[in-house]
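Taking it in order: structure first as structure tokens, then the write-up.
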Amino acid sequence: MSAPNKSYDPVEVEALKPEEIERMRDEALAAFAAADSLDALQEAKVAHTGGTSPLALANREIGALPPHAKADAGKRVGQARGAVNKALGARQAELEAERDARVLVEEAVDVTLPYDRVPAGARHPLTTMMERVADVFVSMGYEVAEGPEVEAEWFNFDALNFGPDHPARQMQDTFFVQGPKGADSDGESGVVLRTHTSPVQARTMLDREPPVYVVCPGRVFRTDELDATHTPVFHQIELLAVDEGLTMADLKGTLDHMVQSLFGADMKTRLRPNYFPFTEPSAEMDMLCYVCKGESVGNPDRPCRTCSSEGWIELGGCGMVNPRVLTACGVDPEKYSGFAFGFGIERMLMFRHNVEDMRDMVEGDVRFTRPFGMEI
Amino acid sequence: MRVPLSWLREYVDLPATETGRDVQAKLISAGLEVETVEHLGADLKGPLVVGQVLTIEELDGFKKPIRFCTVDVGQANGTGEPQEIVCGARNFAVGDKVVVVLPGAVLPGGFAISARKTYGRNSHGMICSSDELGMGDDGTKGIIVLPPEHEVGTDAVELLELVDEVLDIAVTPDRGYCLSLRGVAREAAIAYGLPLRDPALLDVPAPNAFGYPVKVSEPAGCDRFTARTVTGLAPEARSPIWLRRRLQKAGMRPISLAVDVTNYVMLELGQPLHAYDRSRIQGAIGVRRAEPGEKLTTLDGVVRTLDPEDLLITDDRGAIGLAGVMGGANTEIADHGHAAGASTEVVIEAAHFDPISVARTARRHRLASEASKRFERGVDPLAASAAAQRTVDLLVLLAGGTAEAGVTEVIAPPAPHTITIPANHPDKVAGVDYGRETVVRRLQEIGCDVYGQDELIVTVPSWRPDLTDPNDLAEEVIRLEGYENLPSTLPKPPAGLGLTDRQRLHRRIGRALAGAGYVEALNYPFIGEDVFDQLGLAADDPKRRVVKLVNPLSDEEPALRTTLLPGLLAALRRNDGRGSHDLALFETGLVFQPQDELRVAGRLPVDRRPTDEEIASLTAALPVQPLHAAVVLAGAREQAGWWGKGRPADWADAIEAARTLAREAGAELLVRQGQYGPWHPGRCAELAVVIDGAEQVIGYAGELHPGVLKALHLPARSSAMELDLDALERASAGVPKGPHISSFPVATQDVALVVDQSVPAAGVEAALREGAGELLESIRLFDVFTGEQIGEGKKSLAYALRFRADDRTLTVDEASAARDTAVALAAERTGAVLRGA
């Protein structure tokens, strides 16, 4: 609030007249409004707020006024300069916003451009399939056990109740390893490429005290020629549980749990009697066809390619560990019982992922492997 | 084992409505692997009748002889007139009874018959061969000529038993008894809860002293030998249609009456039999082991040199048969077509041989016969007499023979096998409460004698030598109660430890390499040794020592890999050849290194746990099998595109793959200039780690040698890396320690050092790092420059050094002083000169 104008000084300064200051202010505002670019605004800014601008010059004149008039004039000039600066700021912000918006439009790109600078890699689906199955059991408390691929015959056959003349020993088409040749040897080595992952069972029982709960994924070998459904080098996963009081019902439940984990909650398995030297009783295990759920059986209108309208898919072999195997592996069969099962990973990959030719799995063609990514 | 349903019904009164599929389902559930059900004559449609050939006119002028016949088919053609038929076969004559198919009929395979003009004549039907009727091979290769007693016009579909179902059963090694109709019928009877008419229950005369003389000198190999003699066989007698048809349906070829009868009885009872022409045996029949160098010509015409372990049937001259495997040619039964005249007197052998001895002989001579297949899996020793009797009966019935009164039986039968089990043993194995009554009933059904209450004393039947252990009996009970009725329960394993560090590492490595753009390939481990020359390995390179296979799939690749490169490079070449040129592949897998001294892995006992020493002896006989990781690269590592230029894969990518693995393993990798076989001598890095204080070279990486690329037909500039993953894992520093993070500002200093071209950058960096002292936070090589300004044979290495202290803001002087000591040490160690200085 200014002091009352008690002693009016007649000396008048033209530039400080109220109407003059209003004019200067309005000119400045008009110039800012007219500025259509940040550069034009900069010019207007210099012209209307710079040191030589009319308002700045008018401001300097205030000192020439008699004391009682100074306050009044100062107030008028100050108000005008305030309005000018505010308008300048507003216009500045407006023009900057316009510029920023324009830049964003100008910087637009075609986001549909492809980007395959370094094509994605992938792990082999047999590897990830084995991991996936193993993980089902690891989550139940099982551990993963491994063993050598070149194996002693004793582990591969004898310890598993395949006697030297057992007919079943002939069923397996075994790669034999050359042994030392010399005066006291006929070149037999007692060493083979393991024909199944079951020797890992024997190794595990010899290594650990029961209870034993392990899964054994791995590569195995048989002398089959490579074709669409056979390969001499393939993969299996084996499960072994040895504990007090284990039953075939436990085996069945474990199998059911596995197929439910891998194929869905409404899945189940079926056991059919069979013969394996290392299990007794033994069974062949089938799983319900996860595609048709058995509805294609006797239903020619709904044929199922996955199970050939059989309703069931053959998975592999299983059974209660033969007490003779327990004995050979240092486990007391009077106290402990066990169950085991094993199946081929290639086959599971074929029916779970519609792979039609086993050769695709062994040739290493990147076009086959890439779509499987990191996990399956 | 092929089982005609019509034949099976002879022993079990299966409900008439049961189809082959129904029986299949029942038998599968009882544990017989019925693989297929073949429906014979399913699409067959008559009229198919017996006809008699009236006239034959030979037609000339065609490429092959053709006959125009008239055949009497009775009223089957509706007129009674002779049927005019053109026929290309010649094995029949006027008056023969044949099988005629008339127009309107459909033969197996959907072959519709109609009247048609052929070879200039009208043909109203066809005279049939067994092939055309889907009967299988009858050995004649011509049309069927029936015995004369069959009436003209008789329906031949029924006469020839053309409609039937045949179950094909894959018999597992423990179920030898199911290689017979008797065994399968027993299973079917149990499955349907029906009585079995056991074909082995025959009246057999007691043995006496005037049968054909037999001397068993090897009772361990032959615990039973029955010999019977039939004389007066009609030379012209042939197997009747029903017998021939049953053999055909079971997959055997009819040969001659005596042979057909022995085969028939074998199929029926499971007992292999042999018929000798008595006129061709000299003296007593003997059973003994072969003598060294002894020879025998078997029925298949092969001269076999015998092994002293082979069990033989002999007469005074020597060997006349391989016991339980195959007879000799010298006592073969002759049929009516034989030059010397048909056999009229036969001696029938029904014996029981040691399964192992038979199996070894069959394997040794690669001679798997119907007989050896059965003996290996176990034949019922108590069925031998019945089988001999059945054979005698059939020969008397069908060939008009006379059974001689002499009955020879040499018997040293083993005691019946008895197993004692707790009555609840099957319950405990299954996890089901069957109860004693059920257990006893099921065991009795399969032929066991069972005594006792809580402890059952079970005597197993003679046809089940596979039942030796308590669990075998448990399986019988459980399978008959139905595997499908087992409940589903989950055991409760103790808490597990999850994956091991090693297993986690292997997964992490796969993910890291795949994340870096590598695609995993799983290659066969088989290699040929010439690949070592192609890889340029030195003559004394340890990788040339390989594990060899006795029976490789291919003689080109008889060994196991000692390096992953051959397989991985083959995959690279395969991909390149298929049009994928920008490639980055990886593999992790075992390689196989023979022990310094080859040993034999012995056969340890199985009746107890082997000792640790015994197990160690096996381990010592196995090759060392370390896990390796390898990558190969070719073409572009980065593609060209709208973003700019691409970048070819090179030596640096291969080395970086090794660094990736080391990072995942938490191991410090030493990379130095190296030279090794397959790699370009100037672009090869030797990869090393420190394990327990000692440095160890674990692999190589870089660009491959141009000569190797040429020899293996690989793309130019392909690169590769291979290292021992097990060794890398052993070099792991273990759990990473959380670093202390200073919040004081960083001071950066750049230096450019000029060194000789030959000075490795790693050495310069190591000197800078050491010289800079503990204030150094990080060092990074950001440029390598060569050119005139630097001078010939020199290079400039530009490093960014970052300094930071834990407790204060560094002054410029402190940072500069640290830089100077770094440069000074680099100068001292590597001759580096500060650029511009």
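A few points about this structure:
- Residues in region B:166-202 that are β-branched (Val, Ile, Thr) and under 19 Å from B:Thr36 (Cα atoms) were compared, and the one that is farthest from the other protein chains (Cβ to nearest Cβ) is B:Val166.
- Selection within region B:781-819 - acidic (Asp, Glu) and either surrounded by 15 or more Cβ atoms within 10 Å (Cβ to Cβ) or in contact (Cβ under 8 Å) with a residue 24 or more places away in the chain (or both): B:Asp783, B:Asp806, B:Asp807, B:Glu814
- The lone exception for B:Tyr276 - which of (1) of a type in the set (Ser, Thr, Tyr); (2) in a loop (DSSP other than H, G, I, E, B); (3) more than 35 Å from the chain's Cα centre (by Cα) it fails: (2)
- Within region A:275-310, being among the small types (Gly, Ala, Ser) and touching a strand residue (DSSP E or B) at 6+ places or on another chain (Cβ under 7 Å) holds for A:Ser282, A:Ala283, A:Gly294.
- Residue within region B:778-794 that is outside any strand (DSSP E or B) and at pLDDT 95 or above present: no
- Residue match in region B:430-440 (condition: surrounded by 15 or more Cβ atoms within 10 Å (Cβ to Cβ), charged (D, E, K, R) and assigned by TED's automatic domain parsing to the domain that holds B:Val259): no
- Condition met for B:Ala185 (buried (at least 18 other Cβ atoms within 10 Å of the Cβ), farther than 23 Å from B:Ser372 by Cβ and not assigned by TED's automatic domain parsing to the domain that holds B:Ala93): yes
- A single entry from B:Pro706, B:Pro681 fulfils the requirement of being farther than 16 Å from B:Ala629 by Cα, modelled with pLDDT of 95 or more, in contact with a Lys or Arg (Cβ under 9 Å, 6 or more places away or on another chain) and assigned by TED's automatic domain parsing to the domain that holds B:Leu569: B:Pro706.
- Of all the numbered requirements in (1) part of a loop (DSSP other than H, G, I, E, B); (2) at pLDDT 95 or above; (3) within 9 Å of another protein chain (Cβ to nearest Cβ), A:Glu151 misses one, and that requirement is (1).
- Just one of (1) under 33 Å from the mean Cα position of the chain (by Cα); (2) within 13 Å of chain B (Cβ to nearest Cβ) fails for A:Phe341. It is (2).
- Filter result for B:Leu480 (at the interface with another protein chain (Cβ under 7 Å from one of its Cβ atoms), in contact with a helix residue (DSSP H, G or I) (Cβ under 7 Å, 6 or more places away or on another chain) and in a helix (DSSP H, G or I)): no
- Search result, residues across region A:215-236 that are hydrophobic (A, V, I, L, M, F, W, C), part of a strand (DSSP E or B) and facing another protein chain (nearest Cβ under 9 Å): A:Phe221, A:Val233
- Odd one out for B:Ala727 among (1) more than 19 Å from B:Gly831 (Cα to Cα); (2) surrounded by fewer than 15 Cβ atoms within 10 Å (Cβ to Cβ): (2)
- Filtering region B:382-389 for residues that are out of contact with any Gly (no Cβ under 8 Å at 6 or more places or on another chain), within 14 Å of chain A (Cβ to nearest Cβ) and over 27 Å from B:Thr344 (Cα atoms) leaves an empty set.
- Enumerated helices (runs of 4 or more DSSP H) restricted to region B:506-625, each holding at least 1 residues that are more than 24 Å from the chain's Cα centre (by Cα) and at the interface with another protein chain (Cβ under 7 Å from one of its Cβ atoms): B:565-577, B:612-621
- Lone qualifier among A:Ala249, A:Ala283, A:Ala241 - being within 12 Å of another protein chain (Cβ to nearest Cβ), closer than 17 Å to A:Val144 by Cβ and modelled with pLDDT of 95 or more: A:Ala241
- Matching residues in region B:712-736 - criterion: being within 28 Å of B:His581 (Cβ to Cβ) and either aliphatic (A, V, I, L, M) or part of a helix (DSSP H, G or I) (or both): B:Leu712, B:Leu714, B:Ala716, B:Ala720, B:Met721, B:Leu723
- The combined condition, being assigned to a helix (DSSP H, G or I) and touching a residue at least 60 places away in the same chain (Cβ under 8 Å), is not fulfilled by A:Glu356.
- Here B:Leu54 meets the list (1) among the hydrophobic types (A, V, I, L, M, F, W, C); (2) assigned to a strand (DSSP E or B); (3) buried (at least 17 other Cβ atoms within 10 Å of the Cβ); (4) free of Cβ contacts under 8 Å to residues at least 60 places away in the same chain almost entirely, failing just condition (3).
- B:Arg67 away from chain A (no Cβ under 14 Å), within 23 Å of B:Asn263 (Cβ to Cβ) and of a type outside the set (Ser, Thr, Tyr): no
- Any chance A:Glu143 is surrounded by fewer than 22 Cβ atoms within 10 Å (Cβ to Cβ), touching a Gly at 6+ places or on another chain (Cβ under 8 Å), closer than 30 Å to B:Arg603 by Cα and within 9 Å of chain B (Cβ to nearest Cβ): yes
- Just one residue in the set B:Ala636, B:Ala620, B:Ala640 is free of Cβ contacts under 8 Å to residues at least 24 places away in the same chain, over 22 Å from B:Gln534 (Cβ atoms) and surrounded by fewer than 21 Cβ atoms within 10 Å (Cβ to Cβ); that residue is B:Ala640.
- The requirement of being over 17 Å from B:Arg663 (Cβ atoms), at pLDDT 95 or above, loosely packed, with under 14 Cβ neighbours inside 10 Å and at the interface with chain A (Cβ under 7 Å from one of its Cβ atoms) is not satisfied by B:Leu497.
- Residues of region B:760-777 that turn out to be out of contact with any strand residue (DSSP E or B) (no Cβ under 8 Å at 6 or more places or on another chain) and surrounded by 13 or more Cβ atoms within 10 Å (Cβ to Cβ), as a count: 6
- Only one of A:Arg91, A:Arg81 that is charged (D, E, K, R) and within 18 Å of A:Glu19 (Cβ to Cβ): A:Arg81
- The residue list A:Glu314, A:Glu346, A:Glu295 contains one member that is in a loop (DSSP other than H, G, I, E, B), more than 9 Å from chain B (Cβ to nearest Cβ) and charged (D, E, K, R), which is A:Glu295.
- Condition check for B:Tyr276: out of contact with any Leu (no Cβ under 8 Å at 6 or more places or on another chain), crowded, with 19+ Cβ neighbours inside 10 Å, under 19 Å from B:Ser369 (Cα atoms) and within 14 Å of another protein chain (Cβ to nearest Cβ): no
- Residues in region A:99-148 that are within 24 Å of B:Ala630 (Cα to Cα), in contact (Cβ under 8 Å) with a residue 24 or more places away in the chain and in a helix (DSSP H, G or I): 7 in all.
The values are calculated or read from the model by the stated rules, or taken from the named source; none is laboratory data. Since the structure is predicted, the reported quantities are computational estimates derived from the model, not experimental observations. Every residue, glycine as well, gets a Cβ built from its backbone with ideal geometry; the counts of neighbours run over all protein chains shown.
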